[in-house]
Amino acid sequence: MGGTLAISPAFAGCSLAETFDIARAARLWGYTAAWADEVVGHDCFAMLGALSREVDLDLGVAVAPVQTRSAFVLGRAALTLAELTGGRFSLGIGASSEVLVTRFAGLDWDKPLTHVRETTEALRAILAGQRATVEGEKVRIGGFKYGLPAPTPVPLLLGSLNPKSLQLAGALADGLCLNQMAPHHVPMMLEEVRRGAEEAGRALPEDFPVVARLMVVVTDDASAARQMLKGVFAPYAATTGYNRFFRWIGYEEEATAIAEAAERGDRAAMVEAYSDEMADDVLVIGTADEVATKVRAYLDAGVTVAAIEPLAPGVEAVTATLRAAAAALD
């Protein structure tokens, strides 16, 4: 199998101690990296710092919102983790959504792409151990430089969904983080990345990393799992960035209906509008062999790191999902 198999350690219903036990076992099953997210549950940076002392995995964040942590905070956290791991840490940042940024964090979610661009400019300098000065519309940082020698420049990846953000990744980033797309969408997304690189006069390296967090349920009852997951992911599709994304990649009817239902506050209608086809495309649901086939399809399409996030609560279910996916891909 080409590419890297990773865990995405947002394990529902699992304590930190249980998460570390699962990560140690996953290393034995062939997983070589862990990519955490900044959504709910454990703090991703603190968790990865502790995990770095527990098991030998490459570590990354996919992704941290640029609004909830300043470039000053993000840069210091990333360089600290780079030191803890001996240079095996990568940082992914993105615009997140108005739910997390505004409703949960109480912050503004205006001009998210500008915020990502300016944060990227600041972090490029900080993560290379250089002095960062940015006087932007959303980001202002006055000559900050990390106080210790950087162990190695930290790769900076962008979480991107729509053409402009994908082009920005091509122009400025060291890699790309993807989420909730089908394998057949990956080439069109990578084409936008290449377009951004070309317009910036930049040649992408052959080893340009493309991390995809894959939402996985290993089950013999795909219908029941699909219905459960619609209730989880319909609200994602209602947020501004994801709704625009789903329209772009071909789910215009679903995205329109979900947005209209969300405007009315009708959660049941949101779930109903999330079609079976959309769920089967952007989520990974099925038997272990079916899951393996789809993960391979992502890797064949251009994903270089398949980060498996088990959508099942508790140690037993998470363990079974990761073990089944790894065994089927062996």
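Could you please find all residues in region 160-174 being assigned to a loop (DSSP other than H, G, I, E, B) and either open to solvent by less than 10 Å² (accessible area, probe 1.4 Å) or closer than 22 Å to Ala128 by Cβ (or both)?
Ser160, Ala173, Asp174
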Hey, Ala77 hits all of (1) small (Gly, Ala, Ser); (2) part of a helix (DSSP H, G or I); (3) open to solvent by 20 Å² or more (accessible area, probe 1.4 Å); (4) within 20 Å of Leu168 (Cβ to Cβ) but one; which does it fall short on? (4)
Could you tell me how many of the residues in region 234-250 are under 22 Å from Ala297 (Cα atoms) and open to solvent by 10 Å² or more (accessible area, probe 1.4 Å)? 3
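Is it the case that Val116 is in contact (Cβ under 8 Å) with a residue 24 or more places away in the chain, open to solvent by less than 20 Å² (accessible area, probe 1.4 Å) and not in a loop (DSSP other than H, G, I, E, B)?
yes
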Considering residues of region 306-315 that are over 13 Å from Ala36 (Cα atoms) and open to solvent by less than 30 Å² (accessible area, probe 1.4 Å) only, the residue farthest from the chain's Cα centre (by Cα): Gly314
Is there a residue in region 52-67 that is open to solvent by 20 Å² or more (accessible area, probe 1.4 Å), small (Gly, Ala, Ser) and not in a strand (DSSP E or B)? no
Could you please let me know if Ala255 is surrounded by 20 or more Cβ atoms within 10 Å (Cβ to Cβ) and without any contact (Cβ under 8 Å) to a residue 24 or more places away in the chain? yes
Go through region 204-225 and give me each residue that's open to solvent by less than 30 Å² (accessible area, probe 1.4 Å) and assigned to a strand (DSSP E or B). Val210, Val211, Ala212, Arg213, Leu214, Met215, Val216, Val217
Take region 258-287 and flag every residue that is open to solvent by less than 40 Å² (accessible area, probe 1.4 Å) and assigned to a loop (DSSP other than H, G, I, E, B). Tyr274, Ser275, Leu283
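The values are calculated or read from the model by the stated rules, or taken from the named source; none is laboratory data. The shown structure was predicted, so the numbers you read here are calculated from the model rather than taken from an experiment. When we count neighbours, we look across all protein chains shown, and the Cβ atoms used for this are built from the backbone with ideal geometry, even at glycine. Only protein heavy atoms, including side chains, enter the accessible area calculation; ligands, DNA and RNA are left aside. Shrake-Rupley method; radii C 1.70, N 1.55, O 1.52, S 1.80 Å.
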